[in-house]
Structures are given as C-alpha cells and as structure tokens.
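What follows is a set of notes on a single structure, which appears directly below.
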Amino acid sequence: MARVWILMLFLLLFSCKKAEPYDRNHRYALVANINSKDNLLAYSYTKDNNYAIKLEDLRTNKTIYTKKISNDCFTEPKTHHGKLYFPESDHLFTCVNYKTGQVSWKLPTPGRIREFQIVNNHIIIASVDAYGIIAIHADTGKILYELPLHSDKNCQVDFAPRPVGFDETYFYVTNFNCSLISAYEISSGKKVWNKTESAFALSNFTVTGKYIFLGYNVHNNDNLSGEIMLLEAHTGKLLYKQHALFDIFTDPVPHGNKIYYHTYDYRLQEFDVENKTERTLFKFGESNDFGGNQIYRQDHFLFLQDFHYNIVKINLRTLKKEIFDKSNKGMLGVYKRNNKINLIY
C-alpha cells in the first residue's frame, strides 16, 4: 500500500513539474483592442510568417475565433454587437459574426485601412492609406460617403497617420487635406470646421466631453517645436494653447477633467481642462523614458513601459510611481478582472 502512495505522490509531483504556466507572451500580438464590457480581446497575430486576427475571451484566456490573413496587420481589430471588424488585407475590410464564424460582409477598399472607429452604433469611420476617409454602414458594409485626399502646393497625399475621434454628432480627423484638425457631420460627411497651422505639422488628440485636447509638432531644419491646444469641439474655437514638445506617437489619455500626455523632453504632463492649467508630474531621463509607447489607464492608475521594458505604475491620487512588472515584449493594454489588474503583451 505504501508503494502505491509513493507512486501516486511521484506521479503528482511529475505532473506538476510538467504543467506549463500560462505564458503571457504567447499571443505574438502586434496590436490589440480590449472590449471590457464583453471581456474580449481582439488582436493581430504574427509568427513565422503566419498572420491572423484572433479573438480571446479574457475570462478564460481561450481563443474563440481565428481568421488567417495575408500579411501583418497594425490596425486594431474591434468588436461591436457580436461582430468583429478588421482589414483582411491591403484591399479588403471584413466583418464576421464571431459567435458563429460566419462572414457578414467583405468590402473592397482602395488601400489599407489604418484607423477606424465605430460611431453611433452603426457607422464606421475609416482612414484609408493615401486615399482618405470612408464611412461604412457597420451592418451591411455599404459605403455611405467618401472624403478623398487631395494634394496642392501646401500638402501632399501621403501615408501620414490620420487619427480619428468622435462624439455623438461629429467625427474629427487630424493631418487631413492641409488641416491640422477637421470636424465633419457623422450622418452626412459635411465639413463643419477645420483648423490649419503649418503644412508640415503632425498632430494627435483626444475628445473629452465638449472639448478637444490636441497636440502637434513641426520639424524645421532639425529643430522641433510644437504646442498643445484646447478647442471647443462643436465650433473649433481655440480656448487655450501653450508651447510643448508634444509626442504625437503617444496618445493623450483623459481621466475626469484631466489629460495626461508625453513630451519629447521626457516629461509626463497633466493638463486640467476646466482650469486650463498644466503641470509636470514626472521628468524622466533619456535612458528610462517611454517615448513612442502608449499610456494606459485603469481606474486612477496610469501604466507605461519604459525603454528597459519595465512597467511603471503611477497612482494619480498620491503621485507615487513603482515598477509593477517587467516583460520582454511591448505592453498592448490593461484590463481589470476579479479586482485584479492584468496586462496585455
């Protein structure tokens, strides 16, 4: 009998040694989008020249849908009302029912869709490489209207990033047709207002309530300059502006009436929207900065990844920062489950 128990104990220990822990780096993800409401993670996958769009249930860490695609994809796939939307190739945009695996529609496009937002529950506003903006009906795949790029002496048709944001009435797009930022009616595509600065300015922004917080920079003879601005969203009226070496590759993050953004001189800045004031929360050094990486917020915490792959957690109430984690991959998102903070790599 003793031999039986010894054998069972040996088998148990052996099985424990063989059990593989959950590999948080197994996803091989390029970009990811978290739907916290539905506990879903949509991401593009690439490994050994194999490419796919994958959908994962964050409650179980199990993949529930996979679609092979033709090449790597740096456009965030998104889920909405039981559907998954993603560019399948440089000239094909796809919508599938991820619960059944059935294709709802496929739309030929004049170029790669690099950025898209689902607005008013049924309209997709998509920015297409070197072509312009197209509005797509999310249920049918029908093109509702198009806003093509045009070139003139002040600006050229190119592959510059064109971030898209929206509220209930308008959508906003930057670096589009010689404008720093423009506003359009969601329903019709009619231009409402636009703001121009230097023809060579590149910008990024966030919509927060009735305001737009925007930052831009300009390279001129190897010199970098830029500003931040606060605009009234529905009119484009300038409410505030201030010199700043704004980092256009790191999205500004809203929280309450504050905006958090990064600068090229290694600063994490806080802008108070209501009081129109700003302050430096942290001054990083060149070696431990996080420029070009994204800032992620969960509750009253900010998470960012420095150049050494350290995940820095910042408490916005106490303004204390700590090393929260470390990875050999780039951080792609943060979510909360069972009152525990989880990071996506």
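The values are calculated or read from the model by the stated rules, or taken from the named source; none is laboratory data. Not measured: the values here are computed from a predicted model. Glycine also receives a Cβ, built like all others from the backbone with ideal geometry; neighbour counts cover every protein chain displayed. Calculation scope for accessible area: heavy atoms of the full protein, side chains included, ligands and nucleic acids excluded. Shrake-Rupley method; radii C 1.70, N 1.55, O 1.52, S 1.80 Å.
Note on the range 27-44: residues that are open to solvent by 40 Å² or more (accessible area, probe 1.4 Å), touching a Phe, Trp or Tyr at 6+ places or on another chain (Cβ under 9 Å) and either modelled with pLDDT of 95 or more or over 19 Å from residue 116 (Cα atoms) (or both) total 2. Among the residues making up the range 88-127, those that are open to solvent by 20 Å² or more (accessible area, probe 1.4 Å), within 14 Å of residue 53 (Cβ to Cβ) and within 20 Å of the chain's Cα centre (by Cα) are 88, 89. Considering the range 273-306, the residues that are farther than 19 Å from residue 33 by Cα and either of a type in the set (Gly, Ala, Ser) or touching a Ser or Thr at 6+ places or on another chain (Cβ under 7 Å) (or both) include one that is surrounded by the most Cβ atoms within 10 Å (Cβ to Cβ), namely 273. For the range 170-187, a tally of residues being out of contact with any strand residue (DSSP E or B) (no Cβ under 7 Å at 6 or more places or on another chain) and at pLDDT 95 or above returns 1. Tell me whether the range 314-325 contains one or more residues that are farther than 21 Å from residue 43 by Cβ, out of contact with any strand residue (DSSP E or B) (no Cβ under 8 Å at 6 or more places or on another chain) and open to solvent by 30 Å² or more (accessible area, probe 1.4 Å). Checked the range 314-325: at least one residue is farther than 21 Å from residue 43 by Cβ, out of contact with any strand residue (DSSP E or B) (no Cβ under 8 Å at 6 or more places or on another chain) and open to solvent by 30 Å² or more (accessible area, probe 1.4 Å).
Contact annotation: residue pairs with Cβ atoms under 6 Å, 6 or more positions apart or on different chains, pairing a residue in the range 152-163 that is more than 17 Å from residue 248 (Cβ to Cβ) with a partner that is at pLDDT 70 or above, are 154/178; 157/130; 157/149; 157/151. The strands (runs of 3 or more DSSP E) falling completely within the range 45-157 include none with 2 or more residues that are in contact with a Leu (Cβ under 9 Å, 6 or more places away or on another chain) and at positive phi. Taken residue by residue, the range 217-225 has at least one member that is outside any loop (DSSP other than H, G, I, E, B), of a type in the set (Ser, Thr, Tyr) and surrounded by 13 or more Cβ atoms within 10 Å (Cβ to Cβ).
Residue by residue through the range 45-65, note down the ones that are of a type outside the set (Lys, Arg), open to solvent by 60 Å² or more (accessible area, probe 1.4 Å) and over 19 Å from residue 338 (Cβ atoms). The answer is 48, 49, 50, 63, 64.
Report yes if some residue within the range 191-209 is surrounded by fewer than 16 Cβ atoms within 10 Å (Cβ to Cβ), of a type outside the set (Val, Ile, Thr), part of a strand (DSSP E or B) and free of Cβ contacts under 8 Å to residues at least 40 places away in the same chain; otherwise report no. The answer is yes, given that some residue of the range 191-209 is surrounded by fewer than 16 Cβ atoms within 10 Å (Cβ to Cβ), of a type outside the set (Val, Ile, Thr), part of a strand (DSSP E or B) and free of Cβ contacts under 8 Å to residues at least 40 places away in the same chain.
Can you find a residue in the range 219-226 that is of a type in the set (Asp, Glu), out of contact with any helix residue (DSSP H, G or I) (no Cβ under 9 Å at 6 or more places or on another chain) and closer than 28 Å to residue 93 by Cβ? Scanning the range 219-226, I find no residue that is of a type in the set (Asp, Glu), out of contact with any helix residue (DSSP H, G or I) (no Cβ under 9 Å at 6 or more places or on another chain) and closer than 28 Å to residue 93 by Cβ, so the answer is no.
Figure legend. Inter-residue proximity from the range 253-271: first residues in contact (Cβ under 8 Å) with a residue 60 or more places away in the chain and surrounded by fewer than 18 Cβ atoms within 10 Å (Cβ to Cβ), second residues among the basic types (Lys, Arg) and in a strand (DSSP E or B), beta-carbon distance below 9 Å, spacing 6+ or different chains. Indicated pairs: 255/297.
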